[in-house]
Each structure stands twice: as structure tokens, then as C-alpha cells.
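Shown next, in C-alpha cells, is the structure this report addresses.
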Amino acid sequence: MSRAGAVAAVDLGATSGRVVVGHVDQAAGRLDLEQVARFQNGPVRLASGLHWDFTGLYRDLSQGLAEAFRREPGITSIGVDSWAVDYGLLRGDRLLGEPFHYRDERNEPAVADVHASVPPGELYRRNGLQFLPFNTVYQLAAERDSGCLEFADTLLLIPDLIAFQLTGAKIAERTNASTTGLLGVTTGEWDLELVEWLGLEASLLPALVSPGAPIGPLRPGVAAELGAPDGVEVVAVGSHDTASAVVAVPMLAESAAYISCGTWGLVGVELERPVTTEAARAANFTNEGGVDGRVRFLHNVMGLWLLSESVRWWERDGSRIVLSELLDAAAAVDRPVALFDANDPRFMAPGDLPGRIVEWCAEVGVAAPQTRAEFTRSIIESLAQAFADAVSEASSLSGVDVSTIHIVGGGALNELLCQRTADRAGIPVLAGPVEATAIGNVLVQARAQGFASGDLESLRAFVARAFPPVRYEPRA
């Protein structure tokens, strides 16, 4: 029988981070989240390129954890999740510069270099990853060519780098390691032959651990700064934020697709075994590690980045856009709007996204949006179609007969997007929970601490009771 307790989740996204305290009592049906801190996160342009402000990020999350312990002294563990693929390089215990941002321009030239050593088909057979020019394997090729790897002795992905600062332990959590391109898709271990082919040093890669494993107790100095009691440990969770989010999708995996919708839209199904067929590679589907050894078979869609970056561009003149009002105006648009390719690489970089939408429309000969409401409706319709197409492909490639789509994350609050996804896919959408990533982080910790028990299906049933989803039926 599980007991009640509290844990702290550090959840870091590409635009913001937060610290959440989770109170869990599975026997009583209690699953409460309290956000105790939220802070901005984003790229910094330095002379060397686009970087993350890791020092500032660690400062902010540390302050958030201190607030968590102030409010809830009974916290027994901490779990950290973040976006994938990015990393820091260490020499001893010293961080060798701020980590590069995955949108940095250095990655593109490295792609051809990697594919010259390992053809794309062979790479997919070994790691099962969809092609994205910012996958860690390409970043490391750029790093190698710059000569900077010569000074490093350890590579730590962002959540593992934070765990190291908290505990002093150097590990690699498997779900996030699966996004590097260096993990064997069938073995779940580092592919040392591939590492050698790419001219990388295997010694850079730390020991792998699975979600639920203890990483280590807080360093005494860190515990003192955070006001944490003795015995608090950092626990490995699904440290890739999507892996944590999928834990909290209240679905029946044999008949459902999920969309973890935030900056990116991760669209897929959960499987017991990877799919590495040529058809899957051609469709650019990825096989990433999930909690409890599951496989997240999914496709990356550009996501709500398209809307948030457009809003940021429009606000350059000092105006303030209220998103709810913008979405209401978009819902009221009563004429057809342009349906553009949400996955076009031109939309990946920061900047004038509305202008690039106009450019795309001109190239294909369709009428471009004219007003901000029309741009927003065009973005929503294009995302909904991309989501529907990805669900259909995931079903066809995997053999999962999808009868329901679950949307979790911030996109679950976007009623227009949820409804239009249901309409375009022709199947119901269940929206929520919004805080899926934090919930999944909390639940993996809670199970490790004895506050929850059972397999993923049991945990998902627990989530469904605590956070009933909103249902959207497809309209004719």
C-alpha cells in the first residue's frame, strides 16, 4: 500500500521553466500540483553563436527549489526534465561555456559530415531517430570540427547537467539519451561502434540510468542553500519532457494517439517495440525512449512556436497582445485562410514568422492572410492539419488503430486548436491535463518514493480521475 508524500518537479521548457510541488496520496486519490516558481528561459546570442543562459537558468531554478522547501519542508526528492538534444561539456567539474541552443546555425553544415560517415538509412536502423538537423549527433560533429571536444571529458544533457550541479553525480537518463542519436534503438545502450565511426570519444558518455533510479543526495552545500532537510535525493524521471508528459496521458495506448503540444507538437503512439522500417524513416518518424521501457513512436511538428513567435514579432512595437482575444478573433474569421506546411524548415528560426508565411503563400500561389486574426487562424488550421496527418501516419506505420487523440500540455487550453484537430482528423480529441509534463515527473518520483504504485496504466487511470479531460467531438 502506498503512502502520502511530497516531491518537487523542475520542468524546463524552451521558453520558460518552473518548479512544482506535487502532493501524492494514491490510496486517497490525491494528486495535487502547486507551482511555486516560474521563470523565463530563452536563447542568448554570443559571438560564438546561439546559446542557453545555463548559469541564469540554474540560479532561477535554485531559487524556485528554495521556495518549494520553504512552503513544503516534507519534500523527499527532486526530479528534473527539460527539452531534448542540448548538452553541456565538462572538464572535471567545470562547465566549458554556456551550452549551445539547438537552433544555432552551426548544425546545418555538420549534417553532411555525419551522413558521409554513416548513411542516413544505416543511422536510422541503429538509432531509430527521425532526421532533425539539431539532433545531438550533428551538434557533436560541429563541436568536434571546432576542436572544442578535445578539452572535455564528460558530456551531460541539460537535465543531467542540472542533476550534476545538485548532486555531483554524472549520469545519462535513458529517455533523453535516446534523443542524441548515439543510443542503440533496440539495446537501450550507447552504440559504441557508431560513436567510433563518428570520431567521438566514448569516454565522454556517462553511465546510463532509467527513470525511477536514484541519482544521488543533494550536495551538503546545495542542501544548505535550498533549505532542504537531510536525505533529500535527486531521482531520475523521464528527463525528456515529452517522456514525462506521455506518462500522464490518460490513454489506452492500444487505441490512442497523443499530442504533447507546446513549443513543439510531438505527435505519436506508445509502443512496446520500435518501428525502424524504411517507410517509417521516409515519413521521418522517431523512436524515442519512454518510461518503463516503452517506445514513443512520434513525429515532431513545429507546434505553438509558430503562434508564440508571431506574437513576439508583432509586439516589437511595444504593443501588448492578449492571446485569448487573438484566438477569439481567429475563431470568428469566416472566410477560408491559407493552409501552409507547418513543418517547412523556414519556420524554425526566430524572427519574422508572419513574413515567412506570406513568402510561403506567394511561392505556392495562394492568398496570404491579411490581418493578425487571419494569420492566427491560418496557423491554427495548419497545425491542426499537420497533427491530423501525423496521427494518420503514426497509425498506419505502427498498426495502432487510433480511435482517440489526446492533447496534453499548453495546447490543451487552446479550444480552437483542439476542435479543429478533431474536425480535421475525424475522431474525438480529449484535452488535458495541461500540466502533463509536471504530473509525469511527479508520478515517477512518487512511485520511486513509495507514494504511488503500479504500471503506467495504473498511473494513467490515477491521472484521469484527478484531471478529467475535456472532450471535443469532430464536426461535419
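The values are calculated or read from the model by the stated rules, or taken from the named source; none is laboratory data. This one's a predicted model, so the numbers in the text were calculated from it and none came from an experiment. Neighbour counts run over all protein chains shown; Cβ positions are idealised from the backbone, glycine included. When the accessible area is computed, the model is the full protein with side chains, heavy atoms only, and any ligands, DNA or RNA have been set aside. Shrake-Rupley method; radii C 1.70, N 1.55, O 1.52, S 1.80 Å.
List of remarks:
- Residues within segment 188-217 that are assigned to a helix (DSSP H, G or I) and open to solvent by less than 30 Å² (accessible area, probe 1.4 Å), tallied: 3
- If you check A37, A28, A68, A112 for being outside any loop (DSSP other than H, G, I, E, B), farther than 23 Å from T263 by Cβ and open to solvent by 10 Å² or more (accessible area, probe 1.4 Å), only one passes: A112.
- Where a residue in segment 415-430 is open to solvent by 20 Å² or more (accessible area, probe 1.4 Å) and its partner, wherever it lies, is modelled with pLDDT under 95, with Cβ under 9 Å and at least six apart: D423/A476
- Residue, nearest to F134 (Cα to Cα), within segment 156-173, restricted to residues that are in a helix (DSSP H, G or I) and touching a helix residue (DSSP H, G or I) at 6+ places or on another chain (Cβ under 9 Å): I158
- Restricting the first member to segment 460-476 and to residues that are within 17 Å of V24 (Cα to Cα), and the second to residues that are assigned to a loop (DSSP other than H, G, I, E, B) and among the β-branched types (V, I, T), the beta-carbon pairs closer than 9 Å and six or more apart or on different chains are R460/V249; V463/V249; F467/V434.
- Tally of residues being on the phi < 0 side of the Ramachandran plot and open to solvent by less than 70 Å² (accessible area, probe 1.4 Å) across segment 43-55: 7
- Candidate set from segment 213-240 (those that are of a type in the set (D, E, K, R) and at pLDDT 95 or above); member that is nearest to I407 (Cα to Cα): E233
- For A384, the requirement of being touching a Gly at 6+ places or on another chain (Cβ under 8 Å) and among the aliphatic types (A, V, I, L, M) is not met.
- Among the candidates S255, S310, residue that is under 24 Å from the mean Cα position of the chain (by Cα) and more than 30 Å from V444 (Cα to Cα): S310
- Within segment 431-476, the set of residues being open to solvent by 40 Å² or more (accessible area, probe 1.4 Å) and hydroxyl-bearing (S, T, Y) comprises S453, S458.
- Just so you know, in segment 333-350 the residues that are touching a helix residue (DSSP H, G or I) at 6+ places or on another chain (Cβ under 7 Å) and farther than 22 Å from A390 by Cα include one that is least open to solvent (accessible area, probe 1.4 Å), and it is V333.
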